[in-house]
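Undergrad: Quick one: the structure is below, questions incoming.
The values are calculated or read from the model by the stated rules, or taken from the named source; none is laboratory data. Since this is a predicted model, take the numbers as computed values, not measurements. Using ideal geometry, Cβ is built from the backbone for each residue, glycine included, and neighbour counts are taken over all protein chains shown. For the accessible areas, the whole protein counts, side chains as well, though only heavy atoms, and no ligand, DNA or RNA atoms are used. Shrake-Rupley method; radii C 1.70, N 1.55, O 1.52, S 1.80 Å.
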Amino acid sequence: RNYSRAFGEHRVKKFVEQASPFEAEVTLFKQVVALVATEEPRVIPVIAAAYADDRLEEMFKREIPDGIPGGRSALMSGFGPLARLSQRIQMAFAFGWLSKDLLIEFDHIRKVRNDLSHKWDIELLERKMREFIEEKQTPFEKQLGDGVRLPENFHESMQSIDRSRVRVVWMLGRLTYETRLWVPALKAGIAPEEALYGPNAPVMLRAIAAISVNATREIACT
């Protein structure tokens, strides 16, 4: 048992050492966070869903093996089984290719994005946004105030839409991080939660977290 644990720890350490910081993805994340922090509230789910769609598409293109009849691109275009965001979320969930709680959060975002895109009644849209924020989104901002990077209970004085902005920022950060490293961890025979969120996580996590903390401070102060 001790040998197996030591061997597993060695594999995690080796994986973390070889994980790239993926600076291009971090830069793109920083750009989308700036939009989430400042855009009109009803635009936020549209931005978040579009970003999630792109990140999931890139993940599937990287991780699905070559040699599929018709090519990998056929899966993600036209009437392919991975052509829509809903299908990409479902398949990532079914394969265990990302955290399941994260995929559920983005499915809520996808649904409210559809409502905002296809309905014209302003009162109905505002009600949908309230339901989304108050009933669908997980209020994990309560866990962010550690008294060091962010003040304890910083969220209590924030408007509901700004709490939602904070939630979206951190979810997009996790998505950026996991779409790059979750499946490689699986392929290396490592539990992704341990490799990506353990005590010696890849450096990409620190970069994503720093951007998320700064954005949270900006949103909280506006």
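Undergrad: Name the single residue, out of those in the stretch 50-83 being open to solvent by 40 Å² or more (accessible area, probe 1.4 Å) and of a type in the set (K, R), that is modelled with the lowest pLDDT.
TA: This residue is R72.
Undergrad: For E25, only one of the following conditions fails: (1) open to solvent by less than 40 Å² (accessible area, probe 1.4 Å); (2) of a type outside the set (F, W, Y); (3) free of Cβ contacts under 8 Å to residues at least 40 places away in the same chain. What is its number?
TA: (3) is the only condition that E25 fails.
Undergrad: Could you tell me whether A210 is surrounded by 20 or more Cβ atoms within 10 Å (Cβ to Cβ), more than 26 Å from F60 (Cα to Cα), over 14 Å from the mean Cα position of the chain (by Cα) and modelled with pLDDT of 95 or more?
TA: No; evaluated as a whole, the condition is false for this residue.
Undergrad: Only one of R113, R149 is over 28 Å from A185 (Cα atoms), touching a Pro at 6+ places or on another chain (Cβ under 7 Å) and in contact (Cβ under 8 Å) with a residue 40 or more places away in the chain; which?
TA: R113
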